[in-house]
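Colleague: To start, I am sharing the structure in question, which I have written as structure tokens.
The values are calculated or read from the model by the stated rules, or taken from the named source; none is laboratory data. All values reported here derive from a predicted model rather than from experimental measurement. Cβ placement follows ideal geometry from the backbone for every residue including glycine, while neighbour counts extend to all protein chains displayed. When the accessible area is computed, the model is the full protein with side chains, heavy atoms only, and any ligands, DNA or RNA have been set aside. Shrake-Rupley method; radii C 1.70, N 1.55, O 1.52, S 1.80 Å.
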Amino acid sequence: MKKTYDISVIIVNYNVEYFLEQCLYAVRKASTRLKTEVWVVDNNSSDGSEEMLKQLFPEVKTIFNKENVGFSRANNQAIRLSDSRYILLLNPDTVIEEDTLEKTVAFMDEHPDAGGLGVRMVDGKGNFLPESKRGLPTPMVSFYKMFGLSKVFPKSQRFGKYHLGYLSEFEVNEVDILSGAFMLMRSETLDKVGLLDETFFMYGEDIDLSYRIQLGGYKNYYFPETKIIHYKGESTKKSSVNYVFVFYKAMVIFARKHFASGYAGLFSFLIHVGIYFRAGISVLRRFFDQLIVPSIDILLVFVGLQALAHRWEIQDIHFPDYSGWMMLAYSSIWVFLSMFTGGYEKSENRLAIIRGTLLGTITILAIYALLPKSMQFSRLFILMGALLYVSTVLIRSIFFNLFKYNAITLPGVKRKKFAIIGNQLEFDRVSEILRATYLNVESIFWISSDITNEKSVGNIKQLEDILHLHQPDEIIFCSENLSANQIIDCMTSIKMEDIDFKIAPPSSNYIIGSNSIEKNGELYQLNFNAINQPEKLRSKRLFDVVSSLSIICFFVLIIWFYKNKKQFIFNIINVLTGKKTMVGYYQNLTAFNLNLPKIKKGIIPPFDLSGLDYGQINLFYSKYYNVFMDISALIKFWRRLDA
């Protein structure tokens, strides 16, 4: 029976709207010479994907699931409805070249023995992804992979079979396993061997189907004559402990399905050993990464306790010789229990710190009560130590914030030089997005996508010389002016490891990219609603009430510092009653106009940073707001409360 289309491109989406949009633009460009139908199966995303699809890609056929049904089942939904000679399973976090579909279909037409095909994949920095070609994960092959031997000896025919490292990445080869990120198959092959096994929810289904294609008498090919970008790690955090468990348990399902019982038992044993080995390393690495700030707090509290003990000794209160070790133990208990209660997450949680302190104090007092009388030197000292710990965390946090906000560079945001490759219209548009979203721009320069313009530093043919001369931190490709072939060729040819790449889709208010499997790429997007989140508004209002009541308590002492005493009084009353907020936006926005989230008019500004105008400071305050910004602002600008 003759099929209506040459190829059906099937994309399963789950909360990666921006990557999906970029992917579909590339698929649209690649579909001009083939009869192509495109399916997007959305697994109940909550990020606006559905609205974007309806508005920008009306030609795409869609299925919107009411729940996340998993990768296999979602793909099968579209495969059953497709009507084409070939089926392409494509990840949303990919960008294909304009000739990718045409070249791969032509290869399959020329090789009737081919049941499946994969292509050369590169990551967001242009580096070759070894999973573009893989061998069958037998027990020993998996063992070598999980314990790192395949990484140490990638070219070995014994140890490197998982990624077939001994095969050239630039030559066509027969392989065992295709990547689910780009998996082209004959419809007749799927009719014979079956669709994806829905026992696999997210991982392992590509391995299972690739193996069944071989069992069905077909071959799988690695085809490097076209390339795709696979950002990888955007839909799931593949360095997480959860990924380790889910992925390798999928391997156990595969072994039990395809290997003999004894063989599968060995495989299962090796897999479980590998799971806990890899998970253990992942946990340890994360644990040590998170110990820096807690270690500083332990040291500060220990020094504070030593100073307090010295002060007491002056008052003729003596401590035993081993008291230093007990002070170190006290400090460690408070800090580690605060870590346990969530006080040392990315944004420190002060309530969790207090809970941890209370739990730690109770623990210390319980242990203290069990000690011999000779070792019980002071309960009051323990209580004062608990207060010292909370005060230390508060002061250290304020100091860190003040130090960062008064620095020339923004907190956590390095100064960057950007190179934009495109025409002048796209350069102007992308520059505006950059300046509105990345608040510490050192410079932006234009590389023309065609001939050199007097405003540009050169054209794309001079790229290598320009990069060595200007040393940008990031290159942004305008896909309105550049083909995917040009973009990927540039990414793979540039051998400067410290340069990041991003792509600016046409007519979109974002720039997207991803640097590696471990770290998601930074998304430059015109969206600044952090300050409008309910929990942020509650903490801001609580700060307003507490700070205004505190000022009222010390009113008699404070009032004399202000010239405009009447305005000072009105301001504090307005903050207490909710008519104003203590800290708010700068009001002079004539030079920088953005639709920022609305908040009440503030009395004092958030902070002052060299080199930024008022609008950029407002934008940063809106995007990264936390209550300690307000505390820092009040400490710095308290003399302006009569403004």
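Colleague: Taking the mean number of other Cβ atoms within 10 Å as a proxy for protection, how do you rank 478-484, 336-342 from highest to lowest? Mind showing how you got there, number by number?
Modeller: Working: 478-484: 20.4, 336-342: 18.4.
Packing order, densest peptide first, comes out as 478-484, 336-342.
Colleague: Please list, in order along the stretch 296-313, the HN-Hα scalar couplings obtained from phi with the Karplus expression 6.51 cos²θ - 1.76 cosθ + 1.60 (θ = phi - 60°), rounded to whole Hz, x for Gly and Pro.
Modeller: 4, 5, 4, 5, 5, 5, 4, 5, x, 5, 5, 5, 5, 4, 4, 5, 5, 5
Colleague: Between Leu351 and Thr363, how many nm apart are label points set 7 Å from Cα along the C-beta direction?
Modeller: Taking the simple label geometry, Leu351 and Thr363 are separated by 2.2 nm.
Colleague: Please work out whether the stretch 67-112 counts as rounded, prolate or oblate from its C-alpha gyration tensor, where a ≥ b ≥ c are the square roots of the eigenvalues and a/c under 1.5 means rounded, while otherwise a/b larger than b/c means prolate and anything else oblate?
Modeller: On the way: a/c = 3.13, a/b = 1.57, b/c = 1.99.
Verdict is oblate for the stretch 67-112.
Colleague: Based on the alpha-carbon gyration tensor of the stretch 1-141 and its eigenvalue square roots a ≥ b ≥ c, which shape applies: rounded if a/c is under 1.5, prolate if not and a/b is larger than b/c, or oblate?
Modeller: Numbers: a/c = 1.42, a/b = 1.19, b/c = 1.20.
Rounded, because the longest to shortest axis ratio a/c is under 1.5.
Colleague: While we're looking at this one, here's another question. In the stretch 1-139, with Lys and Arg counted as +1 and Asp and Glu as -1 at Cβ, which of these residues, Asn44, Pro58, Ser31, has the Cα nearest the positive end of the dipole, that is, farthest along it?
Modeller: With unit charges placed on the Cβ atoms, the residue in question is Ser31.
Colleague: Let me ask something else about it. Calculate the spin-label point distance for Trp560 paired with Asp465, positioning each point 7 Å from the Cα along the beta-carbon direction, and give it in nanometres.
Modeller: 7.2
Colleague: Now for a different question. Roughly how many percent of the accessible protein surface of the stretch 92-177 is carbon and sulfur, given a 1.4 Å probe and a whole-percent answer? All intermediate terms of the calculation are to be shown ahead of the outcome.
Modeller: Working: 1890 of 3380 Å².
The computed percentage sits at 56.
Colleague: From largest to smallest, what semi-axes in whole angstrom does the stretch 533-582 give when each is the square root of 5 times an eigenvalue of its alpha carbon gyration tensor? Don't skip to the answer; put the middle values down first.
Modeller: Details: eigenvalues 105, 25, 10 Å².
After scaling each eigenvalue by five and taking roots: 23, 11, 7 Å.
Colleague: Suppose R0 equals 51 Å; then what is the FRET efficiency for Lys455 and Val293 from their Cβ-Cβ distance, rounded to the nearest 0.05? It would help to have the intermediate numbers written out before the result.
Modeller: Details: r = 46 Å, r/R0 = 0.90.
FRET efficiency, Lys455 to Val293: 0.65.
Colleague: Which order do peptides 72-79, 9-16, 629-636 fall in by mean Cβ count within 10 Å, highest first? Intermediate values should be presented prior to the final figure.
Modeller: On the way: 72-79: 22.0, 9-16: 24.2, 629-636: 19.9.
Peptide ranking by packing, descending: 9-16, 72-79, 629-636.
Colleague: Also: Placing unit charges on C-beta atoms (Lys and Arg positive, Asp and Glu negative, everything else neutral), compute the dipole magnitude of the stretch 1-135 about its Cα centre in debye, rounded to 20.
Modeller: So the dipole magnitude of the stretch 1-135 works out to roughly 360 debye.
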